[in-house]
Structure formats: C-alpha cells, structure tokens
Amino acid sequence: MAVKRLQNFINGEWVDASTDKFAEIINPARGTLLSEVPMSTKADVDAAVKAAQDAYPDWRNTPPVARARYLHRLIELLEDNFNELSIVQTTEHGKTIDESRGETRRGIEMLEVASGIPSLMQGYNLEDIAHGIDEYAINQPLGVFCCIAPFNFPFMVPLWFLPFAIACGNTFVVKSSPRTPMSQAALFKLLEEVDLPPGVVNLVNGANEAAEALMDNPQVKGVTFVGSTPVGRHIYRKCGETGKRVIAQAGAKNYVVIMPDAVLEEATMVSLLASFFGNAGQRCLSGSNLLVVGDDAAYKRFMDRFVEGASKISVGDGLDESVQMGPVQNAESKQRIIGVIEKGIVEGAKLTLDGRELHLVGDVPETCFLNPSIFENVTPDMSLAREEIFGPVASVVRAKDLDEAIDIIHDNPYGNASSIFTNNGKWSRQFQHDVNTGNIGINIGIVAPMSFFPFGGRKDSFFGTLHGQGRDVIRFFTDPKIVITRWF
Ligand code: NAD
C-alpha cells in the first residue's frame, strides 16, 4: 500500500509541497511507517504567507463576534472527533492515550477562551483628558502571524496561538514539527470543515528552511515559537533585526523541592511521578531535578517511596490503556538519553534506577523505549543537573535548607518552572516570592498554566516580553491605536 504523503493547506486547499525531500514518520511504539512529510521550500512558505496576507483585509473587518462563531464550530468538531485526534498524537509521538486526551482537552480550552474575543479585545477610554478632549485606545490586529512548533505537543502547541491570533482579526500560518506533523494535519482537516474564508489559516510542513522563510518574509508581522533554547535564541535575534514581534518559549530544567515536612500522601506521589515521567519526560514542564531538603531520615523516607513508585511505572505502547509511560519519540532521542545516562555515571552520580534495563508491557520493539531512571548523589554542577535531558531521567540533589535550595535553582540557566512540597506557609511564601522561574507549584507537581493565564517562563526558557495564552497573548496579537478627539 502506498504510504500517505502529507500535504500543505494553503488558501483553503490541500496542495503538494514543491520539494522532492521527504522525512518518514515512524510510530515509535511499533516501528511502523505512518506517513511521509515534505520538507517545504521557501516558495511554499511564501505562497502560504501571500494567501494569509490576501485574506487579512476582509478578515479583520469581520466583526469579532462573527469571528468567534468559527471557533465555536471548531470546538464542536473537536469534541466529535476527540478520540481520533488523541489516537493520532499517541501514534506519531508515543505518549499514552490518556496523555493525548489531556492534550486534546487543553487544545479545546484554548478555543473556548479565545471565543470570548468580543470582551477580551476591548480597548479603554477616558473622557476629558483635558477640557472637552477625550482619548481612547482601540486594539487592532496587525496582519499575518505564524507558529513554529515543537514535536512534543504536536496537537496543542499551535493552539496556544492560532485561535487567539485569528479571533483578534489576524491571519495565520502554522509550520508543524517535522517529527510529529500528523496531528496538525488532522486538526486542519477539521479547520477545513469550519469553512473559514480561504487563507485565514494555513499549514506548511517542513523544517529549518520553512522556518527561516517565515522569518525572512516581510509580510509576517510576528512569530510564535516553542522549542529548544538555542533555536529560540536564534529566532528572537533574527526577528529582532526585522522588527517582528516574538514569543519564543524555550527549553527547561525544572526543580521540584521536597521539604522535610512534605505530606507524602498517595496524591503527592502520583503528582510527582507524573511530573518526572509523564510524556516520558519530554515536556518543558517536566520535573527534572528533585531537590530533597533535610536530614538522612527525611531523605530516605521520601526516596524509598519515589524509587518504588518509579520502578512500578508500566511502559509500553501508549494505545494500551494499562500503560503509564510510552516510548520516547524516536530512536535518536533514545540513544541521546542513553548517552546522558552514561555521562552521569562517569561524572560520579549514582544510578539507583537504571531505565536502560527494559521491562516492557506487550510485544513491542525496543528501539525507542526506556524505563524510568533515577540518579542520586547528583551535585548542581554536574551536566545531569544543568542540561535539559528531555527523557525519563530524574536527578536527585540534596540541600541543607530552603535558602540553599533556592540558590541551587538560581544557579541553573533555565527558569521555566519549579515546585515546592511543604506544609509550612512561610516556606511556601518565600518560595513563591523569591524563586526566579515563570511558573511555580505549591504542593503540586510541575503543571501547565490554564488557557486563561499566561504561560510563564524566564531566563533561558523564554525570549520575548508578552507570553502565550491569557491576556498577554491578546496584547501580543493586537496593537493599541490611540485616538484623541475634540469637537467644536
Ligand atoms: P526544536 O528547537 O528542535 O524545534 C522546534 C521548531 O523549530 C521545529 O518546528 C523545528 O523545525 C524548528 N527549527 C529547528 N531548528 C531550527 C533552526 N535552526 N532555524 C529555524 N527553525 C528551526 O525543538 P523540539 O525538539 O521540537 O522540541 C523540544 C524543545 O521544546 C525542548 O527544549 C522543550 O523544552 C521545548 N518546549 C518548550 C515549551 C515551553 O513552553 N517553554 C513547550 C514545549 C516544548
């Protein structure tokens, strides 16, 4: 049977990319070929941007309440196809079906919030700024925006931006991840049914050439990016040169602090294990470093339960409902993570739980699978503690008190998220106030902010000013026009 070749969606139509370069999309749990994704060229990207630019004048003049109706229609279609969309994510990415359902739900929530645009987009005014003179601010859209997406949340991440952008009256181009493009293809099949005017939303498959072409195109007014820190930094710099707006959400190395008085209930352990090993550790909001504060007894009390819980996580094909952790997304990721584990051993950390020893549920090829790993005796200067691993590996660091724990967190170049587990209000308050990360959890693992709050991120985890989601993203996708009036 011929393998399905993905197409681009430009100006309301599915079209072939103008390239003879394709990459294979392999199901990481089964090793089967799912599809081929084209590496679109600059010409493909320019066609998508032109379609978006041509659609912009009419779309910005469509009343916000009418623009919101398209989002309502899309929400209905997403609900009707909820399970199928989730299966696509699991099949191309490897995460469990439950994690994919969570991703689909989060995507829908973005649309639900964005459909409140008639209220969210309102400006403000003041009568009599001087005698008989009034002033007001009108929030206006800017034109064409785009999203350069990562592989790890292939359905949801473009929805952090697309619904808000078009609700504000802009038009949009998604460049999907070349590693997991099928979830966006599935989303755009439903967007096609919504019958938006041609060109309002466009999808281009591809890799670096397509991303660079989006940034090079003068008609693109702003770029949203989610991905690794080196690429985020490059995108921020390049867009700065041409004055494009940028939201660049980048890599992470998140700390979870366990204080000696932490309540270690079942719910705590479930939340912690999900933080570290959910999505096989491939999340910018994964726990990565565990910082255990206190004496040897407190340390042992916690670690015994954490190691036992991690060793019991069932690993296999994410479509199997009993499985708690799927494979990593491809064979190269697995080899890279094994390299990190080997380096950690050489640096002197103790590998308490070795996820290279596979215990898998069902008859699956071993190519992309790892079980959870836990390193103890990690010091903050080791690469295990400093570098993003993006795999199911937890590094355990110890600190004598909260002050030392906060110093260790601050010594790390990243600033995406951190959590503390304690029953002490003063420690919680100090953690929330002092820790320089964009997201904070108190007695909760590293969790993602809801669609109606901005997605935090600081230091090497974020480049830009306004963040994705919430009120920030409405400001990002609009510009306030100031009008001052006097009538004689
Ligand atoms: P990546 O940086 O390799 O790729 C992201 C996107 O950038 C892809 O679309 C890719 O095609 C494009 N790209 C890659 N190299 C490029 C280049 N040189 N020039 C232009 N474009 C380029 O990231 P990934 O491996 O797909 O995703 C994992 C990373 O994303 C991790 O670092 C993770 O922490 C991060 N992430 C961050 C957040 C957040 O909100 N902060 C959320 C999810 C993922």
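Readers should treat all values here as calculations from the given coordinates under stated rules, not as data from a laboratory. Since we're looking at a predicted model, the values are computed, not measured. So basically every Cβ, Gly included, is an ideal-geometry build from the backbone, and we count neighbours across all protein chains shown.
Structure summary
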{"item": "Extension reserve of the ARG429-ASP403 stretch, reckoned as 0.36 nm per residue once the Cα distance is removed", "result": "8.1 nm"}
{"item": "Integer Hz, Karplus 6.51/-1.76/1.60 couplings in order for the stretch 452-457, x for Gly and Pro", "result": "9, 10, x, 8, x, x"}
{"item": "Cut-off under 5 Å, modelled amide H: who pairs with THR171 long-range", "result": "GLY143, VAL144, PHE145"}
{"item": "Net charge of neighbours whose Cβ lies under 15 Å from the Cβ of VAL393, counting Lys and Arg as +1 and Asp and Glu as -1", "result": "+1"}
{"item": "DSSP beta bridge pairing in the stretch 254-442, given as percent antiparallel to the nearest 5", "result": "10 percent"}
{"item": "FRET efficiency, GLU357 to ARG458 (Cβ-Cβ, R0 45 Å, nearest 0.05)", "result": "0.75"}
{"item": "On Cα atoms only, tilt of 97-114 relative to the major axis of the chain in degrees", "result": "30 degrees"}
{"item": "Convex hull of Cα atoms in the stretch 224-351, direction-averaged projection (nm²)", "result": "10.9 nm²"}
{"item": "Relative contact order of the stretch 254-442, pairs being alpha-carbon contacts under 8 Å that are 6 or more residues apart, as %", "result": "28 percent"}
{"item": "Distance between modelled label sites at ILE138 and VAL447, nm, 7 Å Cα→Cβ extension", "result": "4.1 nm"}
{"item": "Simple Cβ-charge dipole of the stretch 254-442, Lys/Arg +1 and Asp/Glu -1, about Cα centre, in debye nearest 20", "result": "200 debye"}
{"item": "Per-bin percent of Cα-Cα distances, the stretch 361-427 [10 Å]", "result": "15, 43, 25, 13, 5, 0"}
{"item": "Gain upon complete extension [SER18, PHE488; 0.36 nm per residue less C-alpha separation]", "result": "163.2 nm"}
{"item": "Local electrostatic count, LEU126, Cβ distance below 10 Å [Lys/Arg +1, Asp/Glu -1]", "result": "-4"}
{"item": "Whole-angstrom gap from the stretch 301-324 to the stretch 104-119, using each part's C-alpha centre", "result": "33 Å"}
{"item": "Aspartates and glutamates whose Cα lies under 14 Å from that of LYS350, excluding same-chain neighbours fewer than 8 positions away", "result": "GLU342, GLU376"}
{"item": "Zero-based 10 Å bins, Cα pair distances in the stretch 254-442, whole percents", "result": "9, 39, 36, 14, 2, 0"}
{"item": "Backbone HN-Hα couplings from phi across the stretch 395-401 [Karplus 6.51/-1.76/1.60, Hz, Gly and Pro as x]", "result": "10, 9, 10, 10, 9, 7, 8"}
{"item": "DSSP beta bridge pairing in the chain, given as percent antiparallel to the nearest 5", "result": "40 percent"}
{"item": "Between 0 and 90°, nearest 10: helix 402-411 axis offset from the chain longest Cα axis", "result": "60 degrees"}
{"item": "The chain - charge dipole about Cα centre, Lys and Arg +1 at Cβ, Asp and Glu -1, debye rounded to 20", "result": "820 debye"}
{"item": "Percent of beta bridges antiparallel (DSSP, the stretch 87-195, rounded to nearest 5)", "result": "45 percent"}
{"item": "Per-peptide average of other Cβ atoms within 10 Å, ordering 374-387, 329-342 highest first", "result": "374-387, 329-342"}
{"item": "Virtual spin-label span in nm between ALA66 and HIS131, 7 Å along Cα→Cβ", "result": "4.4 nm"}
{"item": "Theoretical ellipticity at 222 nm over the chain - DSSP helices of four or more residues, -39500 (n - 2.57) apiece, nearest 500", "result": "-11500 deg cm²/dmol"}
{"item": "Karplus (6.51, -1.76, 1.60) ³J(HN,Hα), θ = phi - 60°, over the stretch 369-378, in Hz, Gly and Pro reported as x", "result": "9, 9, 8, x, 10, 10, 9, 10, 6, 8"}
{"item": "Positive minus negative residues near GLU241 (Lys, Arg vs Asp, Glu; Cβ under 15 Å)", "result": "+4"}
{"item": "Entries in LYS95/LYS175; LYS189/LYS253; LYS42/LYS189; LYS21/LYS253; LYS334/LYS400; LYS253/LYS312 that, when Cα-Cα distance is taken, lie over 26 Å", "result": "LYS189/LYS253; LYS21/LYS253; LYS334/LYS400"}
{"item": "With 5 Å bins from 0: P(r) over the stretch 365-488, alpha-carbon pairs, percent", "result": "2, 9, 14, 18, 17, 13, 10, 6, 4, 3, 2, 1, 1, 1, 0, 0, 0"}
{"item": "Tail weight of P(r) past 30 Å, computed on alpha-carbon pairs of the chain, percent", "result": "48 percent"}
{"item": "Long-range amide H partners of ALA149 with built H, under 5 Å", "result": "LYS175, SER177"}
